[in-house]
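A short worksheet on the structure shown next.
The values are calculated or read from the model by the stated rules, or taken from the named source; none is laboratory data. This one's a predicted model, so the numbers in the text were calculated from it and none came from an experiment. Here the Cβ positions follow ideal geometry from the backbone for every residue, glycine too, while neighbour counts run over all protein chains shown.
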Amino acid sequence: MSNESLFQEALSHFPGGVSSPVRAFKAVGGTPKFFARAFGAWFVDEEEKQFLDLCMSWGPLILGHAHPDVLAAVQEAVQEGLTFGAPSRRELALARRIKLMAPFVEKLRFVSSGTEAVMSALRVARGFTKRDRVLKFAGCYHGHADAMLVKAGSGLATFGVPTSAGVPKAYADLTLVVNLDDFDGLEAAFAKHGSELAAAIIEPVPANNGLLLQEPAFLQRLRDLCTQHGTVLIFDEVISGFRVAPGGAAELYNLAPDLVAFGKIIGGGMPVGAFGGRADIMRVVSPDGPVYQAGTLSGNPVAMAAGLATLERLTPEVYKRLEQCSRRWAQAFEAIPGLRAPHLGSLIWPLFQSGVRRADRVKPGAITQFNHLHKLLLDEGVYLPPSGYEVAFISIAHGEEELWHFERAVEKVSAGLAAMV
Ligand code: PMP
């Protein structure tokens, strides 16, 4: 069946024909590819066309699609039952591994998505501090909990307005939004509201509005202000966790958050999230404390098995290799005229602009050019995330053959791109 006819049917079932919005290709145009199967760095669509995947399910697949060790671990777990709704040994094994890699995590709880992890961490911070307000940064995405679907209101250090219909204004009123890389804005926000802030949450490697790499001094200042004001610092490491270093951005920048949200890689391709951090804060979580938090499938044994098999293969050598690899892939991207490719630890942001550190500095023209690039590369068998605001992901399966394929595709599209602009 063609992708087009599948998508036509999908439109009759799902809003926009998809189970999550950016999959709809609204930004780049065209028909979404229906994945039939995937292996390593490649997938095959329902028309039996093969593509080099640079989206990799948006991050979980740091070992590549269908890694044999992950599949074997899942198959073994499946034989023992799909879900128990009761404690099981695999939760302990994954918790041990997470604490080994991210030692600032003293206690944690498993959930089933990054959204849930963030939503729960915010509630814990509020319960612990007995404060209601939170601070986030423009351009950081933290999943779709109501408190996080908020953009800056007008004026400095004012509370936010909803970015989605259905989010009550009263919720948005509790979220303060500051620009990334805005030292003055950060100072002003804490000077005015520090004593009211339960939490400040940030993607320490912001990777949801492109890759807006921050100066370490900005993160350090945020850490200091949180400590000074008794505000819980939450690192959202749903993307950066176990990717930019074994201990994520916290290790990379040598900064411990009070709480952290994980997702993606810790599930190895299965639905897993986790939140955790300081034991004294986590003590407020039910049943130890008064902050309610629960989940029928939390700690699901099959998902734990996939996560553990993934994390166990992430040795220091793997991180070294991924970093070297992403440098070479970034160079390959930069062979496209006018394109820059900031990168960090297997995240690469192809953009027709350079030196961007905050969301409002991305030029719409740069995104339009990306949209052309997306289409041209897709025609050459390369699948980029279908939005210029998304980062490309590579994995250990992106080897020499894949790079060769990519470089050939880049050679072909470069001329076409120049002609279209
Ligand atoms: N936080 C960050 C930094 C993310 O990138 C995402 C998902 N892209 C989320 C939270 C939400 O995770 P999920 O989609 O698993 O709910």
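Yes or no, residue by residue, for (1) surrounded by fewer than 18 Cβ atoms within 10 Å (Cβ to Cβ); (2) of a type in the set (K, R); (3) at pLDDT below 95; (4) within 15 Å of V382 (Cα to Cα):
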| site | (1), (2), (3), (4) |
| --- | --- |
| E9 | yes, no, no, no |
| S12 | yes, no, no, no |
| P21 | yes, no, yes, no |
| A24 | no, no, yes, no |
| F34 | yes, no, no, yes |
| V44 | yes, no, no, yes |
| E48 | yes, no, no, yes |
| C55 | no, no, no, yes |
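Based on this model, can you work out whether Q228 counts as among the polar types (S, T, N, Q), within 16 Å of the ligand (Cβ to nearest atom) and either modelled with pLDDT of 95 or more or crowded, with 20+ Cβ neighbours inside 10 Å (or both)? It is false that Q228 is among the polar types (S, T, N, Q), within 16 Å of the ligand (Cβ to nearest atom) and either modelled with pLDDT of 95 or more or crowded, with 20+ Cβ neighbours inside 10 Å (or both). Count of region 252-281 residues, restricted to those that are part of a loop (DSSP other than H, G, I, E, B) and in contact with a Ser or Thr (Cβ under 7 Å, 6 or more places away or on another chain), is 4. The requirement of being in a helix (DSSP H, G or I) and either touching a residue at least 60 places away in the same chain (Cβ under 8 Å) or within 16 Å of the ligand (Cβ to nearest atom) (or both) is not satisfied by V105.
When V272, V244 are screened for being within 11 Å of the ligand (Cβ to nearest atom) and among the β-branched types (V, I, T), only V272 passes.
Residues that are buried (at least 21 other Cβ atoms within 10 Å of the Cβ) and either in contact with a Ser or Thr (Cβ under 6 Å, 6 or more places away or on another chain) or outside any loop (DSSP other than H, G, I, E, B) (or both) within region 152-178 comprise G160, A172, T175, L176, V177, V178, listed in sequence order.
For region 131-138, the criterion of being part of a loop (DSSP other than H, G, I, E, B), at pLDDT below 95, over 15 Å from G263 (Cα atoms) and touching a helix residue (DSSP H, G or I) at 6+ places or on another chain (Cβ under 8 Å) is met by none of the residues. Given the residues L122, L149, L94, which is the only one that is within 16 Å of the ligand (Cβ to nearest atom) and crowded, with 24+ Cβ neighbours inside 10 Å? Checking each option against the conditions leaves just L122. Within region 346-364, the set of residues being touching a residue at least 40 places away in the same chain (Cβ under 8 Å) and at negative phi comprises L347, I348, W349, P350, L351, V356, R357, R358, A359, D360, V362. Note on region 361-402: residues that are within 30 Å of L180 (Cα to Cα) and part of a loop (DSSP other than H, G, I, E, B) amount to 12. Screening the candidates L94, L82 for the property of being under 30 Å from V244 (Cβ atoms) and in the same structural domain as G299 (by TED's automatic domain parsing) yields one hit, L94. Would you confirm, using the coordinates I've provided, whether V205 is touching a residue at least 24 places away in the same chain (Cβ under 8 Å), within 29 Å of Q353 (Cα to Cα), crowded, with 23+ Cβ neighbours inside 10 Å and more than 12 Å from the ligand (Cβ to nearest atom)? Criteria not met by V205. The single condition among (1) in a loop (DSSP other than H, G, I, E, B); (2) touching a residue at least 24 places away in the same chain (Cβ under 8 Å) that E48 does not meet is (2). Do we have E48 as touching a helix residue (DSSP H, G or I) at 6+ places or on another chain (Cβ under 6 Å) and of a type in the set (D, E) here? Judged against the criteria, E48 is not a match. Being at pLDDT 95 or above and either over 30 Å from E187 (Cα atoms) or touching an Asp or Glu at 6+ places or on another chain (Cβ under 9 Å) (or both) holds for only one residue in A245, A217, and it is A245.
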